[in-house]
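Rule-based calculations on the coordinates, nothing more; no lab input. Predicted model, so just to flag it, every value in this text is computed and none were measured. No Cβ is skipped: glycine too gets one built from the backbone with ideal geometry, and neighbour counts run over all protein chains shown.
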């Protein structure tokens, strides 16, 4: 991909997997939100213009909201593309997350729905789709097993650049472990 067509996707945890509360009163959340904004801005400044977001509760929706905030402040056009693993993905979201989900969809530049209905493996299919169409992956990862880890491993195998905004002395080894394997 040429630099002006570069794309980025996001992978991270649902709210319950974070070690801190996802609200602005929490200092760790404020640091997380600032780091995410700075990383989205940094990849945009390096030529990334498309951002793929999987729209799950937690990291995905917060990332989409961050892209929209950067988009409002960035001098060149940026695209937010929401990739839904299935129609009505938000059916079991809490009221707050449904509202945030719907607000993001209304502001998105494009919405891709991969399947009509949920099936086992549809979230992994979505993650593969996003990694296949991206040059960069932004994550908040601290070593927990699951979809985020699987997506990072897949993206590294595909040669994608991974940016873990949870770069603390305790988890630097996770990135090194991924690069070695």
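Where a ≥ b ≥ c are the square roots of the eigenvalues of the C-alpha gyration tensor, would you call the stretch 95-144 rounded, which needs a/c under 1.5, or, failing that, prolate if a/b is larger than b/c, or oblate?
rounded
For 91, 13, what ranking results if the residue with the fewest other Cβ atoms within 10 Å of its Cβ goes first?
91, 13
Rounded to the nearest 5, what % of DSSP beta bridges with both residues in the stretch 3-180 are antiparallel?
0 percent
Hey, what number do you get for the chain at 222 nm if only DSSP H runs of n ≥ 4 count, each worth -39500 (n - 2.57), divided across all residues, to the nearest 500?
-13500 deg cm²/dmol
In which sequence would 120, 134, 94, 63 go, from the one with the fewest C-beta neighbours within 10 Å to the one with the most?
Ascending number of Cβ neighbours within 10 Å: 120, 94, 134, 63.
If I compute semi-axes √(5λ) of the Cα gyration tensor in Å from the structure I just sent, which labelled value in (i) 25, 21, 14; (ii) 21, 19, 19; (iii) 43, 20, 11 lines up?
The listed entry that was calculated here is (ii).
Taking a ≥ b ≥ c as the square roots of the Cα gyration tensor eigenvalues, with a/c under 1.5 meaning rounded and otherwise prolate when a/b beats b/c, else oblate, which class fits the stretch 115-168?
Oblate, because a/c is 1.5 or more while a/b does not exceed b/c.
I need the shape label for the stretch 1-90. Rule: rounded when a/c is under 1.5, else prolate if a/b > b/c, else oblate, with a, b, c from the alpha carbon gyration tensor.
Judged from the Cα gyration tensor, the stretch 1-90 comes out oblate (a/c at least 1.5, b/c at or above a/b).
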